[in-house]
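To keep things clear, I will list the structure first and then write my remarks on it.
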Amino acid sequence: MISQLPLRLLRGYVGCSIVVFIAVQTLKHFGVASPKWVFSHLNDFIVLPLVATLGLHAVWFLKRDTTIRLSIVTILSLVLLFSIVFEYYLPQQSHRYTADILDVVAYSLGGVVFYLLQKFK
């Protein structure tokens with residue numbers, strides 16, 4: 001089934017993103033020093049393509065049509081949702097979260113990456 005799914009480049013990117021996420025979490029767990037952007041913004045960059053890919057696969061499953069692609073409006077909605085929840089709402093509710101405009105930029109760039117990768121045949 002998985003070999004019949006389209007968008008191999010997107011699936012490869014998602015697989016690499018999962019490996020990078022696990023590596024970042026491992027570095028963080030063991031206290032390995034890394035550049036600030038690795039712990040602060042890298043996961044924000046890769047989360048949106050992961051979530052959007054899961055959503056796309058859910059749509060494919062429900063509609064039984066693998067030619068469907070997420071529209072730019074849907075991707076922008078995801079960026080807006082993540083930005084509001086993680087950069088506005090949660091920082092007001094918990095000291096664990098901090099509002100950072102660069103995280104919004106990372107979500108946006110992740111959305112652009114997803115949009116472009118789903119366009120490739």
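Considering the range 82-121 alone, what residues qualify as being touching a helix residue (DSSP H, G or I) at 6+ places or on another chain (Cβ under 6 Å), surrounded by fewer than 15 Cβ atoms within 10 Å (Cβ to Cβ) and of a type in the set (F, W, Y)?
Scanning the range 82-121 gives a single hit, F120.
Before we move on, is Y88 in a helix (DSSP H, G or I) and over 15 Å from L7 (Cβ atoms)?
yes
Within the range 41-61, is there a residue that is of a type outside the set (G, A, S) and not in a helix (DSSP H, G or I)?
No; the residues of the range 41-61 include none that is of a type outside the set (G, A, S) and not in a helix (DSSP H, G or I).
Return the only residue of V19, V38, V79, V73 being at pLDDT 95 or above, surrounded by 15 or more Cβ atoms within 10 Å (Cβ to Cβ) and assigned to a helix (DSSP H, G or I).
Only one candidate qualifies: V79.
Failed condition for T66, given (1) in contact with a helix residue (DSSP H, G or I) (Cβ under 8 Å, 6 or more places away or on another chain); (2) polar (S, T, N, Q); (3) free of Cβ contacts under 8 Å to residues at least 60 places away in the same chain, with all others met?
Result: T66 fails condition (3) only.
The values are calculated or read from the model by the stated rules, or taken from the named source; none is laboratory data. Bear in mind the structure is a predicted one, so any value in this text is a computation, not a measurement. Because the Cβ atoms are built from the backbone with ideal geometry, glycine has one as well, and the counts that use them run over all protein chains shown.
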